[in-house]
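Okay, so here's the structure we're looking at.
We did not get these values from a lab; they are worked out from the coordinates using the rules stated. A quick note: this is a predicted structure, and the numbers were derived from the prediction, not measured. Cβ placement follows ideal geometry from the backbone for every residue including glycine, while neighbour counts extend to all protein chains displayed.
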Amino acid sequence: MEIHFFYFSIILYFDAFFLFGLYFELRVNGIEFDEVLINLAKRQHLSPEFKEINPLGKVPTIVDGRFKLFESHAILIYFASAFPSIADHWYPNDLSKRAKIHSVLDWHHTNLRPGAAGYVLNTVLAPALGRSLDSEAAAESEKILTKSLFSLETIWLKGNAKFLLGSYQPSIADLSLVCELMQLQVLDEKDRLRLFSPYKKVDEWIENTRKATQPHFDVVHKILYGAKDKFDKQRKMGATISKPGFQSKM
Ligand SMILES: N[C@@H](CCC(=O)N[C@@H](CS)C(=O)NCC(=O)O)C(=O)O
């Protein structure tokens, strides 16, 4: 009998800003992989070479030597199923626990993701990706985001457990959802506090996931923390320039 999963040579195509949890899954579990950075700002995801790998032109995407796979949740599940060394709590064998994880992952992609990604795109990131900021789209995304944070706090984080679905250990769902919310770090701090301050459990859960995955959490978010500093500086400069009497030194 041929056992395939001993022959993996994983290549992960990703943009360092959008981590999608699966980068963590590999690092936290000590699985070796090659990284290929696809810079969305430079439109590398639209190159013919990348489209050979993912015709949708999206990251993340993997090639594991035998086949190509896109869609972050499908990849998270694939790794957790393929590597026996990945501890059970990340993607439990128990069928009902697994089904609950699928449930929260599906909810994420139709609620939290459009809310969080739409808001950050339309309030901060768009110019870096060659698009314009859009306040109407931002307002729509904010509604979805606020509703999603409320559902997170009251449904998915219901009870006193540290992680989603009443769990005392993290799963791939915690990785995926926390990574989604981490991109909101690049918002103006006042804006971020306004959105998050009603949701104490959400804040605690992000911190629980951070602690459970250190030192990897801070290492893999280095680029994001750098982007946060850059956007904070730009905002400070913008505020100073718009003050009457300010003379640019440039
Ligand atoms: N549902 C997909 C979403 C993938 C996705 O939209 N990735 C974005 C980065 S956040 C992307 O590649 N955007 C490039 C584009 O849409 O042009 C997943 O979870 O993998």
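For region 120-207, the helices (runs of 4 or more DSSP H) that sit wholly inside it and include 1 or more residues that are within 24 Å of residue 235 (Cα to Cα) and within 16 Å of the chain's Cα centre (by Cα) are 135-151, 172-182.
Within region 21-39, the set of residues being buried (at least 20 other Cβ atoms within 10 Å of the Cβ) and in contact with a strand residue (DSSP E or B) (Cβ under 7 Å, 6 or more places away or on another chain) comprises 23, 26, 38. Taking region 1-108 and the strands (runs of 3 or more DSSP E) fully enclosed by it, no element has 3 or more residues that are over 20 Å from the mean Cα position of the chain (by Cα) and within 14 Å of the ligand (Cβ to nearest atom). Among residues of region 19-38 that are free of Cβ contacts under 8 Å to residues at least 24 places away in the same chain, none has a beta-carbon under 7 Å from a residue that is more than 16 Å from the ligand (Cβ to nearest atom) and part of a loop (DSSP other than H, G, I, E, B) at least six positions away or on a different chain.
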